[in-house]
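Inspection log for the structure reproduced underneath, given as structure tokens.
Readers should treat all values here as calculations from the given coordinates under stated rules, not as data from a laboratory. Because the structure is a prediction, the values reported are computed rather than measured. Note: ideal-geometry Cβ built from the backbone for every residue, glycine included; neighbour counts use all protein chains shown.
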Amino acid sequence: MNGTERVVFDVPDISCVHCKMAIEDAVTKLDGVESVRVDVAARNVDVVFDGASIDRQRIASAIEEQGYTIAGARPGDG
């Protein structure tokens, strides 16, 4: 295993394309993040990252710094 992890954050404040763009831009800039997908309809953020380079809390902080509240997090599928 190479340290790749996946987490899905539940972010109920996501409501539009602007939200999607703001979160994706902020999280993509973090070292160790491999991919970010914001699903506006499901109101969640799916992140694949290198667990050796960055932790879930730092990713969550980047989302919160954009003004969004995280209601929960769970491991991603696959």
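A few comments on the model shown:
- Computed FRET value (nearest 0.05) for Ala42 with Gln66, which takes r as the C-beta separation and R₀ as 25 Å: 0.90
- Convex hull of the chain built on C-alpha atoms - directionally averaged projected area, nm²: 4.6 nm²
- Structure-based [θ]222 nm, the chain - -39500 (n - 2.57) summed over DSSP H runs of at least 4, per residue, nearest 500: -8500 deg cm²/dmol
- Summed residue charge, Cβ within 13 Å of Asn44's Cβ, Lys/Arg positive, Asp/Glu negative: -1
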